[in-house]
Structure formats: structure tokens, C-alpha cells
Amino acid sequence: MPIQAIDQAISFLTTPLSRTTVSASALSVLQAHLYAALVALANPSSSRRSSSSSSSGHFEIRLRLASTMPPPECIARACDASGVAWSEWLFLIGGGMGLDLDVNIRHDTVTASFSRAGTPSLGLVTVWQQVSSREQLLVDCK
């Protein structure tokens, strides 16, 4: 199973916290809990698997992070375990501008879309995309 997508998503989501007063140990606990929860969601043999998981290792996890709703369960549990305040984390993820965020974690891509409550997306950002073996071969040959 491609774990790199999950690692990249966690890095994207937690980097804003590393620049605050959140302790390194709390950040580490948060990341570990988030990692375990996302791997469980992506694992096709898990009882809590994503509806689009398959035995080929392909998966898709969608996280809606919005001020008008509670955080996804995996985020809420990671916050509880680490002592990180969800409202502070969401504020930082949204760049301090009250933005909501949709994160799509696929086996080969992580994307994010920011929006203001009740408005269309401000645009889609590719956070990480797996390089195919053919693309890597072309890069290595140059």
C-alpha cells in the first residue's frame, strides 16, 4: 500500500502547527495517531476501510475540515490524544483567514481545496503526486 501519500498528507496538515507553541512531543503524538487512523482507513483489510479501497492498494480518503462542523473522527481522536486544540489547528490550516479545507488523499495524489463557508472552492492545489516509474526513468536519463 502506498504509504507515501499518507505521510505527505500528514506533513501538509501538521506543518502549520510546527510553527506555533505546540510542543514537539504533542505534534509527534498527533502525527502518530493521525497516521494510524489514516492507514486503517486506507487498508482494504480493515473493517473501517474507505469505500473505494481495493486489494490493489488503491484508496481514497476525503477529509472535510470546516468551522461549521466537527472534525473528522480521525482528526478529533488525534487532537484528543495530543492535547492539540482543533479550533486552533483549523485556524492555522486555513492560513488564519477562516478558510475551510477539503483534503483528498489518494494512493498516488494528495490534493487540497480551500473555500470560505458557503462559497465555491478558491482552487485546487496538488500537495503531492507520485511520480510514475516511466516518468522517473525519463528524469534519471537526462
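Pairs meeting the criteria (first residue in the range 77-99 and among the small types (Gly, Ala, Ser) and surrounded by 19 or more Cβ atoms within 10 Å (Cβ to Cβ), second residue part of a helix (DSSP H, G or I) and modelled with pLDDT of 95 or more, beta carbons under 6 Å, at least 6 apart or on different chains) are Ala78/Leu30; Ala78/His33; Ala78/Leu34; Ser82/Ala26; Ser82/Val29; Ser82/Leu30. The residue that is modelled with the lowest pLDDT, counting only those in the range 115-130 that are open to solvent by 80 Å² or more (accessible area, probe 1.4 Å) and part of a loop (DSSP other than H, G, I, E, B), is Gly118.
Remark: pairs (first residue in the range 9-35, within 23 Å of Glu60 (Cβ to Cβ) and open to solvent by less than 50 Å² (accessible area, probe 1.4 Å); second residue assigned to a helix (DSSP H, G or I) and basic (Lys, Arg); Cβ separation under 9 Å; 6+ apart in sequence or on different chains) = Leu34/Arg77. Taking into account only those residues within the range 40-69 that are part of a loop (DSSP other than H, G, I, E, B) and buried (at least 19 other Cβ atoms within 10 Å of the Cβ), which is modelled with the lowest pLDDT? Taking the candidates together, the pick is Ser50. Checked against the criterion of being modelled with pLDDT of 90 or more, assigned to a helix (DSSP H, G or I) and over 12 Å from the mean Cα position of the chain (by Cα), the candidates Ala81, Ala37 yield just one match: Ala81.
The values are calculated or read from the model by the stated rules, or taken from the named source; none is laboratory data. Here the structure is a predicted model, which means the values were calculated and not measured. When we count neighbours, we look across all protein chains shown, and the Cβ atoms used for this are built from the backbone with ideal geometry, even at glycine. Note: areas computed on protein heavy atoms with side chains; ligands, DNA, RNA excluded. Shrake-Rupley method; radii C 1.70, N 1.55, O 1.52, S 1.80 Å.
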